[in-house]
Structures are given as C-alpha cells and as structure tokens.
Amino acid sequence: MNPTLPASLPARSLFHLAFHVTDLDEARRFYGGVLGCPEGRSTDTWVDFDFFSHQISLHLGEPFKTTRTGRVGDHLVPMPHFGLVMLLPQWQALAERLQAAGVAFVLPPQRRFAGQPGEQWTMFFCDPFGNPIEIKGFASLNDIYAS
C-alpha cells in the first residue's frame, strides 16, 4: 500500500484529461518548463505530459470557454477548471516555483479553512491559453474529504 494515500482510497488510478491549446511550443514551455512536467508522446497536433503522475493531452484547437462563477470564499474562480491535490511540502515547492516564474495568479497561494476539518492550501492560475488550474495542498491526504 502507498503510505501517502489514505487507507479509504481505492488502488490508485491515473487521471487523463485532453484539452485544447493554441500553440504546442508555448505549451511545452509552460507545462514542461514552468510546471516541470515531463513530456511524453507527441505529433504535430498534440503533446502528452506527465502532470504530476497523471496524463494530460494538449491538442491544437480553441480552448474551452470559462466563466468566473465558482465561489471560493470571497472570490469567484474560473469554471470549469482542473487541478490536483498534493501533500503540503510539494504544494509549497510548486507555489514557490510558480511565483519565481512570474505566473499571474487568479487566486494567489493561500490557506483556507484554517483550523477546521479539511484545512487546505490552494492556488488558482491559468495556462497561457486561459485554461484554469487549481492546485490544493493538504498536510495529510486523509483530510481531503474531511467535513
């Protein structure tokens, strides 16, 4: 059993998400360079990345439409969005990496629900094509579904 996963979660499965970008070279600079995601297979019209142990496939096309209708505390964040959950040390390292790269945040790195069940750190940003991403950090993955 993976010691970082809570006992209540089933055996790990990988998530796959395919979405549009308008420039594969710019996507490589952002996902590969800024986020540090290893590149996988590619053609002239798409490229795969290992998005923190999950697969994303970026295809040339028009990015999906988003609206700021998701309420996070006092903020409205882009919907739909995708992202991931990390342990807090990895989340903090990624937040520092994004800040050092000058990424513009929709919602800067911050803690939510301090001292409550489900306490978490979160940050929202968009890739260069407007695709919104949320990254959450937890001290323990056992707290993801705490209420």
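Please treat every number below as a calculation from the coordinates, not as lab data. What you see is a predicted model; the values in this text were computed from it and never measured. As a convention, Cβ positions derive from the backbone with ideal geometry for all residues, glycine included, and neighbour counts pool all protein chains shown.
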- Note on the structure: Note to self, the chain gives a 222 nm [θ] from helices alone (DSSP H runs n ≥ 4, -39500 (n - 2.57) apiece, / all residues, nearest 500) of -3000 deg cm²/dmol
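Based only on other Cβ atoms within 10 Å, what is the fewest-to-most ordering of PHE30, PHE64, PHE52? Intermediate results must be reported in sequence, preceding the final value.
Values: PHE30 22, PHE64 13, PHE52 17.
Exposure proxy ranking, most exposed first: PHE64, PHE52, PHE30.
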- Once amide H atoms are placed 1.01 Å from N in the peptide plane, what residues at a sequence separation of 5 or more from GLY70, or on another chain, have their amide H within under 5 Å of its amide H? VAL77, MET79
- Note down the net charge around LEU84, summing +1 for each Lys or Arg and -1 for each Asp or Glu among other residues with Cβ under 11 Å from its Cβ. 0
- Query: How large is log10 I(q)/I(0) at q = 0.20, 0.28, 0.30 Å⁻¹ when the Debye formula is applied to the Cα atoms of region 103-147, each weighted equally and without solvent?
  - Reply: -0.65, -0.93, -1.00
- Note on the structure: Helix 88-100: inclination vs the chain longest Cα principal axis, degrees, rounded to 10, gives 40
- Task: Provide the FRET efficiency to the nearest 0.05 for the VAL72-ASP23 pair, computing r from the beta carbons and using R0 = 22 Å.
- Result: 0.15
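Using a 10 Å cut-off around each Cβ, can you sort SER53, SER147 from fewest to most neighbouring Cβ atoms? Don't skip to the end; give the middle numbers.
Numbers: SER53 10, SER147 5.
Ascending number of Cβ neighbours within 10 Å: SER147, SER53.
What's the local net charge at ILE135, with K and R +1, D and E -1, over the other residues with C-beta under 14 Å away? Walk me through the intermediate numbers first.
Working: positive: ARG97, ARG111, ARG112, LYS136; negative: GLU96, ASP127, GLU134.
That sum, taken over residues with Cβ under 14 Å, equals +1.
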- Nearest-5 percent of antiparallel DSSP beta bridges in the chain? 65
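How do ASP50, ASP25, ASP74, ASP127 rank when sorted from fewest to most other Cβ atoms within 10 Å of their own Cβ?
Working: ASP50 16, ASP25 8, ASP74 5, ASP127 19.
The fewest-first ordering by Cβ neighbours comes to ASP74, ASP25, ASP50, ASP127.
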- Message: Starting from 0.36 nm per residue, how many nanometres of slack lie between ALA114 and ASP143 once their C-alpha separation is accounted for?
- Response: 9.2 nm
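Please report Rg over Rh for the chain, where both radii come from the alpha carbon positions and Rh follows the Kirkwood definition. Walk me through the numbers before you get to the answer.
Numbers: Rg = 15.7 Å, Rh = 16.3 Å.
Result for the chain is an Rg/Rh of 0.96.
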- May I ask you to derive the FRET efficiency for ALA101 and SER57 from their Cβ-Cβ distance with R0 = 25 Å, giving the value to the nearest 0.05? 0.60
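When Lys and Arg each count +1 and Asp and Glu each count -1, what net charge do the other residues less than 15 Å away from ALA146, Cβ to Cβ, add up to? Show your work: numbers first, answer last.
Working: positive: ARG111, ARG112, LYS136; negative: GLU119, ASP143.
Local net charge: +1.
Quote the relative contact order of the chain in percent (integer), defining contacts as alpha-carbon pairs under 8 Å separated by 6+ residues.
Working: 252 pairs, mean separation 30.8, N = 147.
Value for the chain: 21 percent.
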